[in-house]
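Readers should treat all values here as calculations from the given coordinates under stated rules, not as data from a laboratory. No experiment lies behind these values; they were computed from the predicted model shown. Here the Cβ positions follow ideal geometry from the backbone for every residue, glycine too, while neighbour counts run over all protein chains shown.
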Amino acid sequence: MSNAATPADWANGLHLTAGPYFLGLYQPSPETKDFWAGVELRELLLKFCAESGNWLHPKRIVCPDCGSDKLEMRRASGRGKVYSFSEVHRAASPAFAKSAPYVIGVVRLEEGVHLFTRIIPGSAPVKIDAPVQVDFRVLELGQLLPVFVVAA
Amino acid sequence: MRSDIGSKTAIVGIGRAIAQKTDEKKTPLQLGAVAAVAAMKQAGIKRSQVGALFTGRAPQAYMMLQYNQALLNELKIGPTFNSEVTPHGAGALGTLQLASLALHAGVIDYALCVTNEASGLWMDQVGSNVGWEGDLQFEAPYGCTTPALYAQFACRYMHEYGITPEQCARVSVENRRWALDHPHAAMRHKGPITVEDVLNSRMIASPLRMLDCAVWYPGGIATAMVVTRADLAKAKHQEATWIAGFGQCTTHEWVGERMGGFGYAPMEDGPDLVNTGALVAAKQAYEMSGLKPGDIDIVQTSAPFSFVHLMMLEELGFCGRGEGGDFVASGGIDYDGGLPFNTMGGYLSFGQVAQGLYNLHETVDQIHGRAEGRKVADVEIGMVHGHGGPLAAHSVMIVSKEPLQ
Ligand SMILES: [Zn+2]
């Protein structure tokens with residue numbers, strides 16, 4: 001091995017990325033672990049505030065209306081409508097490239113909660129206000145995730 | 001309550017450092033330190049006079065805790081008030097807003113504001129940016145890209161107001177024309193483009209095509225500004241650019257999270273994907289300055305996709321809600337005769353640096369007749385919009401050649 005010092009160029013050739021996402025990881029946190037446990041059972045759970053009757057996103061820690069932190073997990077209908085969507089042609093990473101083009105979007109559930117999700121054209125194409133139904137599929141990173149399929 | 005802070009503070013020194021991809025590689029800290037020294041030099045102040053140091057969010061290419069301290073350590077200054085201003089793209093202008101508040105409160109005489117980023121030299125920005133703009137648990141696993149996150153807004157905005165891809169494309173065309181005149185613009189050598197070019201470019205995430213998207217700046221830029229009070233600006237400094245008004249509003253973290261928002265401006269009645277914090281920030285800035293949209297001579301907006309420019313033209317008050325498409329299609333921002341808009345070429349053709357004050361720098365240069373690209377005649381008042389994605393954090397600042405009150 002040569003003793004000659006090589007000039008430091010520490011990032012050349014290295015693919016600097018932005019953290020766990022690029023390792024294909026997601027990390028359920030204490031406030032979301034019950035949601036993900038529900039997904040494993042193929043159940044779509046949302047947070048619910050019994051105090052004010054609000055359905056809330058699975059991440060919520062406190063109810064924005066009454067401030068209660070006693071939120072319970074409650075099973076949602078799984079039915080909703082497409083609120084917005086985009087057909088992704090340039091995939092997020094090589095793992096997703098084989099699926100492109102795929103549709104991701106925001107679904108408004110009957111309970112009034114919006115979820116960001118994969119939308120799968122079923123017997124009808126994806127468009128705003130199209131009715132959708134939850135399903136559970138293993139997506140590109142190997143995770144079981146709630147997705148929404150366009151209903152007829 | 002109307003604040004009396006408008007025109008009570010002024011920018012009295014500016015410094016900049018740029019490294020292009022073809023230059024020797026530089027870190028954000030290197031660029032930031034050089035820019036800061038240049039700004040202090042132009043203002044004619046010694047480092048012992050720096051009362052406050054405000055920096056934007058730690059650069060993506062130099063992520064560390066206490067970045068602000070790394071910079072002050074390099075500069076050998078001992079500010080009595082320092083902070084990173086975190087609403088990312090909006091935090092750049094936020095540094096001057098915080099500086100103005102501290103100056104107006106009388107706790108300091110001079111503030112140094114620095115933004116610096118060199119992710120274009122060190123990182124794969126296309127691949128990594130979504131890590132900052134998407135929720136790792138609830139969005140990223142679905143295959144999010146940055147364009148696909150913004151496309152959610154585009155989908156609703158175009159649906160609700162009948163905005164067409166042709167109208168959006170017009171923004172890309174006009175931005176490019178300005179960039180061709182600018183010596184540092186990323187796309188300066190790429191020639192003009194047409195609406196057809198935009199509509200025929202590759203689909204990235206519907207409805208956004210390649211030429212609807214910002215180009216990441218292929219380099220690094222640091223901008224530093226020295227800000228002081230009106231009395232000092234008048235007594236001790238040859239050139240001042242007055243901070244006439246400012247505003248700021250941040251509404252959410254992620255796109256999906258935004259859709260759980262309600263009960264605060266601009267989503268009093270419930271969530272949507274069309275009303276952003278720019279609406280609120282612009283209102284604050286106009287009220288503070290006593291100005292109205294018709295008084296503004298030049299506008300820079302921080303908009304990474306063509307449709308965002310239309311939304312911002314509406315929210316900054318240059319046309320009515322939903323009229324951005326018609327405004328642009330009928331020549332509202334034409335290079336020839338329209339509102340001077342993104343006079344370096346904007347994010348679409350100058351290039352986007354993840355955070356920065358370079359849009360404000362350009363506006364100050366235009367006001368004092370020394371713009372590096374095409375000069376706009378007789379600029380007295382300029383507006384700058386800064387934004388952190390996905391359409392989450394917004395700052396608006398109005399600057400003027402003379403104090404307004
Ligand atoms: Zn409640």
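So here's what we get for this one:
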quantity: Matching option when the condition is touching a residue at least 40 places away in the same chain (Cβ under 8 Å) and not aliphatic (A, V, I, L, M), among B:Phe81, B:Phe54; calculated: B:Phe54
quantity: Checklist (1) in contact with a Ser or Thr (Cβ under 9 Å, 6 or more places away or on another chain); (2) outside any helix (DSSP H, G or I); (3) surrounded by fewer than 19 Cβ atoms within 10 Å (Cβ to Cβ) applied to B:Arg177, failing item; calculated: (2)
quantity: Only one of B:Ala233, B:Ala222, B:Ala240 that is within 20 Å of the chain's Cα centre (by Cα) and touching a residue at least 40 places away in the same chain (Cβ under 8 Å); calculated: B:Ala222
quantity: Any hit, the range A:114-125, residues being more than 9 Å from every other protein chain (Cβ to nearest Cβ), out of contact with any Cys (no Cβ under 8 Å at 6 or more places or on another chain) and touching a residue at least 40 places away in the same chain (Cβ under 8 Å); calculated: no
quantity: Tally of residues being touching a strand residue (DSSP E or B) at 6+ places or on another chain (Cβ under 7 Å) and at the interface with chain A (Cβ under 10 Å from one of its Cβ atoms) across the range B:113-125; calculated: 2
quantity: Residues (away from chain B (no Cβ under 13 Å), more than 16 Å from the ligand (Cβ to nearest atom) and not aliphatic (A, V, I, L, M)) located in the range A:35-80; calculated: A:Gly38, A:Glu40, A:Arg42, A:Glu43, A:Arg75, A:Ser77, A:Gly78, A:Arg79
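One line per residue, one yes/no per condition, for (1) among the charged types (D, E, K, R); (2) buried (at least 24 other Cβ atoms within 10 Å of the Cβ):
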position	(1), (2)
B:Ala329	no, no
B:Asp334	yes, no
B:Met344	no, yes
B:Leu348	no, yes
B:Gly369	no, no
B:Met383	no, yes
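To keep it simple, each residue is scored yes or no on (1) more than 26 Å from B:Trp178 (Cα to Cα); (2) in a loop (DSSP other than H, G, I, E, B); (3) under 20 Å from the mean Cα position of the chain (by Cα).
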| position | (1), (2), (3) |
| --- | --- |
| B:Pro271 | yes, yes, no |
| B:Val280 | yes, no, yes |
| B:Val299 | no, no, yes |
| B:Ala303 | no, yes, yes |
| B:Phe307 | no, no, yes |
